[in-house]
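All of the numbers you see were taken from the coordinates with simple rules; none came from a lab. Bear in mind the structure is a predicted one, so any value in this text is a computation, not a measurement. Ideal geometry is used to build each Cβ from the backbone, glycine not excepted, and the neighbour counts take in all protein chains shown.
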């Protein structure tokens, strides 16, 4: 997919004017946070579970090699295959090779952000394999030639009318505005694809080291058909998804559903453990796990390490006022919102992702809802520091901080600057005591007034008061 | 009133915005502290907390300013500011220094002594019989309270201002929807991403107006300037004040961005 993160500001400006998008985003703001709060209130130990999950994740990251190798040996024991892929390209090639070995024409796909990350669909198509997205949201987006704007609700930027038109144009059936009818249409279209597919590709929410299992959680059941019906099942996932035991997995499942959709449990929690065994009624003949690194092992050794705790619940973006204003596509790559502002610069390079960690007021809402307590503002600040050190910070901002810093480090001069600015602002404010057009600060005054100072600076008045007090 | 030698000595950290825009906030804070038995001084070696540099990623400038601030408040039992955001920044100072740097310990020490004003009154001085100065002009009307992000999430300030406001006769608190959602100020964010900031403050003013209160209160001038400016641009009559103005009984002066005459008439 094309990276438009360097155009974040322009993307955001367009998004703010997009009436349909703004309507759709209104549903995010009121829907997810409310549901999460309700679910949380029903589970008194929620915060305690978050602490446990944070600690467990830290332990896993410290011992990642051990757990991944344990996972691998179990998969092999179960008759499956594991492929270690350092880069996106390695992963794409590995997946294509498996498809080609099976002479695959079509592959069905369950929802997977890692396959977005490695740009799998375009690559498969370019090499004669047709990917079919089976998650309803992903299916709609595939018909429209779009990418997800949200990591758990990929088509959240669309409204019913959009879906209705897209289906009408692609399914050649009478136009309908009834969600049930639209759902039925998608179901009919997808049924045949499920049966015809040569390979099924899913992601994984977690990998379980003790059993060699992968688990997907979905609300549509499409993932089950994707991984059970075709003869070959490929799990494409990233290395930090591994957890030690099934019991550990359930801790994360409890947090994931509540943090993501506000459900107590996701509808389908489907484990797959290797290929079909003798006596199994269903399941693939071949089972592959493609483990993608793509910069993650570098993160272990960096200040971004804590980001590897992320379980992709989307609570951070659901609660982010910036995401809520501009939507996911503005961020210009796969992962939007606060978690994306930390991950994207790591994966596409800070030069291209520079604007993202700056697109936050550091309000801290994301950190406050994160089920694994990732200090997202701190990690965004890490990138800002990195940008400053690499001279990627825009010149004007750098210059501004330089001038301001010069004064801030010299109290007497700073005092004079404050008094001067105070007088200037009061003069500009005049009798109205507010300014509606301020040179050099049009960003502020284009949308709001600037209240003028109500008198001299506090420091001026305080020192006058001290003098008067002393002389009297 | 307590005037003995044991009275706590407080250094007022005035903050750039209160210094520049609203000296009354500084005087109200001093009044509240003195009324509660503290001796207040204002060290002249203070400037800004350094947050603009910190959030721009300029750690070297931030550390310089941090050392200056730490030194300026040496010897004060407490450091109090009318801002959760600036005190929150003081609490970040230890992150700026390596473990073996002597400034690290001094930063940790400052952190322990630094409080936002409403939190200081409630959590440190534990004032449970708070009273507004009886000679002050009475404030009558409804207020709504914006929970500024840094104070709320970095310092846990939520109940403290409300607890104090509940002791003020004539004040009726009408909570707004989403009082904990960011107003879009965000320091340099509001000039770096003005379109997004403007949308966020627009969402905020909608909630403020819907609350139907006469006055918007908060604990951070950055947010208050942002919201006051938007309310005024949109033509709403809601007046905006820092919470200390009400608590100190200093509401005879014009609200933020209000002309002198309009208040005299009112």
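Dividing the Cα radius of gyration of the stretch A:3-77 by its Kirkwood radius returns 1.22 for Rg/Rh. Panel order for A:245, A:94, by other beta carbons found within 10 Å of each beta carbon, from fewest to most: A:245, A:94.
The spacing between the stretch A:235-286 and the stretch A:311-387, judged by their C-alpha centroids, is 26 Å.
When restricted to Cα atoms, the stretch B:187-230 yields an Rg and a Dmax of 10.8, 32 Å, respectively. Per-residue ellipticity at 222 nm computed for chain A from its helices equals -16000 deg cm²/dmol, with DSSP H segments shorter than 4 residues left out and the rest contributing -39,500 (n - 2.57). Per-residue shielding of A:217-226, expressed as the average number of other chain Cβ atoms within 10 Å of the residue Cβ, stands at 0. Both radii were evaluated on the Cα set of the stretch A:99-148; the Rg over Rh quotient, with Rh as the Kirkwood radius, amounts to 0.95.
What does the convex hull of the alpha-carbon atoms of the stretch B:9-124 project to on average, in nm²?
Working: hull surface 26.9 nm².
About 6.7 nm², averaged over all directions.
Note on chain B: Rg/Rh from Cα positions, Kirkwood definition for Rh, rounded to two decimals, is 0.96. The long axis of helix A:19-41 is offset from the longest Cα principal axis of chain A by roughly 80 degrees.
Can you give me the relative contact order of the stretch A:358-472 as a percent, contacts being Cα pairs under 8 Å and 6 or more apart?
Details: 66 pairs, mean separation 17.5, N = 115.
About 15 percent, as a whole number.
Dividing the C-alpha radius of gyration of the stretch A:396-471 by 2.2 N^0.38 Å, with N its residue count, gives 1.32.
Starting from the Cα of residue A:103, move 7 Å in the Cα-to-Cβ direction to define the label point; list residues of the stretch A:213-244 whose amide nitrogen is under 16 Å from there. Answer for this model: A:231-232. Exposure proxy ranking for B:21, A:335, A:123, based on other Cβ atoms within 10 angstrom of each Cβ and starting from the fewest, stands as A:123, A:335, B:21. When Rg and Dmax are taken over the Cα atoms of the stretch B:141-265, they come to 13.9, 42 Å. Here chain A carries DSSP beta bridges of which approximately 30% are antiparallel, counting only pairs with both residues inside. Using alpha carbon centroids, what distance separates the stretch B:80-101 and the stretch A:182-202, in Å? Distance between centres, Cα-based: 56 Å. Note on the stretch B:9-124: antiparallel DSSP beta bridges, both residues inside, total approximately 0 percent of the bridges counted. Equivalent-ellipsoid semi-axes for the stretch A:43-298 (Cα gyration tensor, √(5λ), whole Å, largest first): 29, 23, 17.
The angle separating the long axis of helix A:337-348 from the principal Cα axis of greatest extent in chain A is about 70 degrees. When all alpha carbon pairs of the protein assembly as shown are counted in 10 Å bins from zero, the resulting P(r) reads 3, 13, 23, 23, 17, 11, 7, 3, 1, 0, 0 %. Computed from Cα positions, the angle between helix A:395-408 and the longest principal axis of chain A comes to roughly 40 degrees.
How much of the DSSP beta bridge set in the stretch A:43-298 is antiparallel, as a percent to the nearest 5? Don't skip to the end; give the middle numbers.
Numbers: 8 of 33 bridges.
Of the beta bridges lying entirely in the stretch A:43-298, close to 25 percent run antiparallel.
Hey, can you rank A:228-234, B:95-101, A:4-10 by average C-beta count inside 10 Å, highest first?
Numbers: A:228-234: 21.6, B:95-101: 12.4, A:4-10: 17.3.
Descending packing order for the listed peptides: A:228-234, A:4-10, B:95-101.
Placing one identical point scatterer on every Cα of the stretch B:83-210 and ignoring solvent, what is log10 I(q)/I(0) from the Debye formula at q = 0.10, 0.11, 0.13, 0.19 Å⁻¹? Cα-only, vacuum Debye calculation for the stretch B:83-210: -0.45, -0.53, -0.72, -1.13. If the viscosity is 1.306 mPa s and the temperature 10 °C, what translational diffusion coefficient in µm²/s does Stokes-Einstein give for the stretch A:326-429 when Rh comes from Kirkwood over Cα pairs? It diffuses with D of about 99 µm²/s by this estimate.
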